[in-house]
Amino acid sequence: MRPYFRIIQNFFRYPQVATIAASLMLLCPLGFAQSTAAQVSGHMGKILIRVRNRVNEEWLAQVQIQLIRFPDGVVGEQFTGSDGSVQFSGLSVGAFTVRASRQGYEPGDAHIDLRNGDSSVQNVEISLKPSKQEPNSIGGTISANTLKVPENARKEFERGSRLLNGEKDFDRSIAAFRRAVELYPGYSQAYFLMGTAQMQISDASAAEASLRKAIELDSHMTAPYYALAVLMF
């Protein structure tokens, strides 16, 4: 029974994880039905996502985009380019949630339903609202720390992101993220993506440690809470 007590204790330590995990359990039957339908249909769809600043309408680069399907969890993850866009392809029929997040902005969500027989590219546009931060607030301190990331650590992070999202080379991406956090121990985003890659290779204990470290370094970043909830679920 000890593993169950450990999970319960973790839920009390991370109330946001408990809330998300409870939602996952409620949505499981619906997600299972959608996943089954997707496997039967064999439909391969595409989603083009573009993210803009809600205030000045400019396209936003380096926005973290997560493609989520219940009960599978995060099925894809990329960062927007200079034109504010990313594309996911090879998707099966089903309902997806698109989650966009970037430091200094409030996160945004969109929902899309890929239907059988529809082979066209589905376009999704998300507008992110800049977050209001007090100069001496925790959020302001975190933003300042993010700006202090050394160039060599940032390059390792970007390399790891390409290996993870583009080449699906999880082992090499983990190695790149490890170098990034060695060069800059406060790199919360690197810990988060390292945890995501470790989930892909089923290294649950390492993934949990990385995600908890990301939360410890930046408690306002919502993505690690979701990934940790999926992992524990």
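The values are calculated or read from the model by the stated rules, or taken from the named source; none is laboratory data. Note that the coordinates shown come from a computational prediction; the quantities given were computed from them, not determined experimentally. All Cβ positions, even for glycine, are placed from backbone atoms using ideal geometry, and neighbour counts span all protein chains on display. Accessible surface is based on the protein model in full, side chains and every heavy atom, while ligands, DNA and RNA are left aside. Shrake-Rupley method; radii C 1.70, N 1.55, O 1.52, S 1.80 Å.
May I ask you to list the residues in the range 157-176 that are open to solvent by 40 Å² or more (accessible area, probe 1.4 Å), assigned to a helix (DSSP H, G or I) and more than 16 Å from Gln66 (Cα to Cα)?
Answer for the range 157-176, where residues must be open to solvent by 40 Å² or more (accessible area, probe 1.4 Å), assigned to a helix (DSSP H, G or I) and more than 16 Å from Gln66 (Cα to Cα): Glu158, Arg159, Phe170, Asp171, Arg172.
Using the structure shown, decide if Arg69 is farther than 18 Å from Asp218 by Cα and at pLDDT below 85.
Yes: the conditions hold for Arg69.
How many residues are farther than 12 Å from Gly160 by Cβ, touching a Phe, Trp or Tyr at 6+ places or on another chain (Cβ under 9 Å) and not in a helix (DSSP H, G or I) if we restrict to the range 185-203?
Within the range 185-203, residues that are farther than 12 Å from Gly160 by Cβ, touching a Phe, Trp or Tyr at 6+ places or on another chain (Cβ under 9 Å) and not in a helix (DSSP H, G or I) number 1.
Do you know which of the residues in the range 74-96 that are surrounded by 15 or more Cβ atoms within 10 Å (Cβ to Cβ) and under 20 Å from Gly160 (Cβ atoms) is modelled with the lowest pLDDT?
Taking the candidates together, the pick is Val74.
Among residues belonging to the range 98-114 that are of a type outside the set (Gly, Ala, Ser) and open to solvent by less than 20 Å² (accessible area, probe 1.4 Å), point out the one that is modelled with the lowest pLDDT.
Leu114
Quick check on my filter: what residues within the range 177-214 are among the aliphatic types (A, V, I, L, M), buried (at least 24 other Cβ atoms within 10 Å of the Cβ) and touching a Leu at 6+ places or on another chain (Cβ under 8 Å)?
Within the range 177-214, Leu193, Ala197, Leu211 qualify.
Of all residues in the range 18-49 being outside any helix (DSSP H, G or I) and within 23 Å of Phe192 (Cβ to Cβ), which is modelled with the lowest pLDDT?
It comes out as Ile47.
Working only within the range 215-229, note down all residues that are out of contact with any Pro (no Cβ under 9 Å at 6 or more places or on another chain) and open to solvent by 30 Å² or more (accessible area, probe 1.4 Å).
Glu216, Ser219, His220, listed by residue number.
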